[in-house]
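Accompanying notes for the structure given below.
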Amino acid sequence: MRSSAERREADRASDPAPDPATDPATSPGPSPRRPDGAPLWRDPWIAVAGVAVLGALAGWVLPAARIDWQPALAWREPWRWWTAAFVHWSPLHLAANLAGALLVGAFGRAAQVPPRVALAWLAAWPLAQLALLVQPALAHYGGMSGVLHAGVAAAACWLTATQRGRRRAIGVAVLAALAAKVALERPWAAPLTHPPGWDIAVAPLAHAAGALAGLACTLAALALRRRPSRHRE
């Protein structure tokens, strides 16, 4: 007969080796991700920013008259609610908005906004163009600045409404800066302005409309998210 020591040694030899992929003692650990587990390439916020960048690059080679904002065609050709953001009137205009899209994408990623805030930004996109109907003097409009203002407002609103401490303070500061910028541009004064250093005219109403659309859509998304919890027992 085998001794107890021999039996224990035989049992250890028959046990399967730990799997490095599942055994917590040997697993190398997960790759860096957001707390909600979304890697960069599956982040809805980054997806919206990516659509803005790729659309702007595609829009640069397309005829502007086919896709820009024209109030006379707003209801007959509703794709312009989206595609107007892809139109740019100069290389400087395009470069500035591409850089802006990257910055807004990075801001939302750093803020770790949830998918519903990315959807709010997406919903604000056409609203930012539709609001231009209140200024019929804008016979043609193109540019991404209204959409970018919507994205900044959406991410900052989420930080302010849902976070605490320094993260909430950042949201409040960004919203305050955004409100000051829009007010200083005086969107009610004239349909177009000519800021120094720019080779195009700027439509301040687009910035205000985008910021308000982003804010409204995010508040709506947050309200809808909280609503079911009121009926739980």
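A simple packing score, the average count of other Cβ atoms within 10 Å per residue, orders the peptides 110-121, 60-71, 84-95 as 110-121, 84-95, 60-71, with the highest score first. In terms of the Cα gyration tensor, with a ≥ b ≥ c the square roots of its eigenvalues, is the range 80-233 rounded because a/c is under 1.5, prolate because a/b exceeds b/c, or oblate? Cα axes put the range 80-233 in the prolate bin. Spacing of the modelled spin labels on residue 176 and residue 219, each 7 Å from Cα toward Cβ, amounts to 1.9 nm.
Considering only protein heavy atoms and a probe of 1.4 Å, how much of the accessible area of the range 44-173 is carbon and sulfur, as a whole percent?
Working: 4100 of 5610 Å².
Taking all protein chains in place, the range 44-173 shows 73 percent carbon and sulfur surface.
Tally Lys and Arg at +1 and Asp and Glu at -1 over the other residues with C-beta under 13 Å from the C-beta of residue 173: what net charge comes out?
Overall, the nearby charge balance is +4.
With no solvent and one equal point scatterer placed on each C-alpha of the range 44-168, evaluate the Debye formula and give log10 I(q)/I(0) for q = 0.11, 0.15, 0.23 Å⁻¹, two decimals. With no solvent term, the Cα-only Debye profile gives -0.38, -0.67, -1.28.
Descending by average beta-carbon neighbour count within 10 Å, the peptides 46-55, 154-163 line up as 154-163, 46-55, the highest first. Here the calculated FRET efficiency for residue 61 and residue 137, from their Cβ-Cβ distance with R0 = 30 Å, stands at 0.55, rounded to the nearest 0.05.
The values are calculated or read from the model by the stated rules, or taken from the named source; none is laboratory data. From a predicted model like this one, the values you see are computed outputs, not experimental measurements. Don't worry about glycine lacking a Cβ; one is built from the backbone with ideal geometry, like all the others, and counts go over all protein chains shown. Keep in mind that these areas ignore ligands, DNA and RNA; they rest on the heavy atoms of the full protein, side chains included. Shrake-Rupley method; radii C 1.70, N 1.55, O 1.52, S 1.80 Å.
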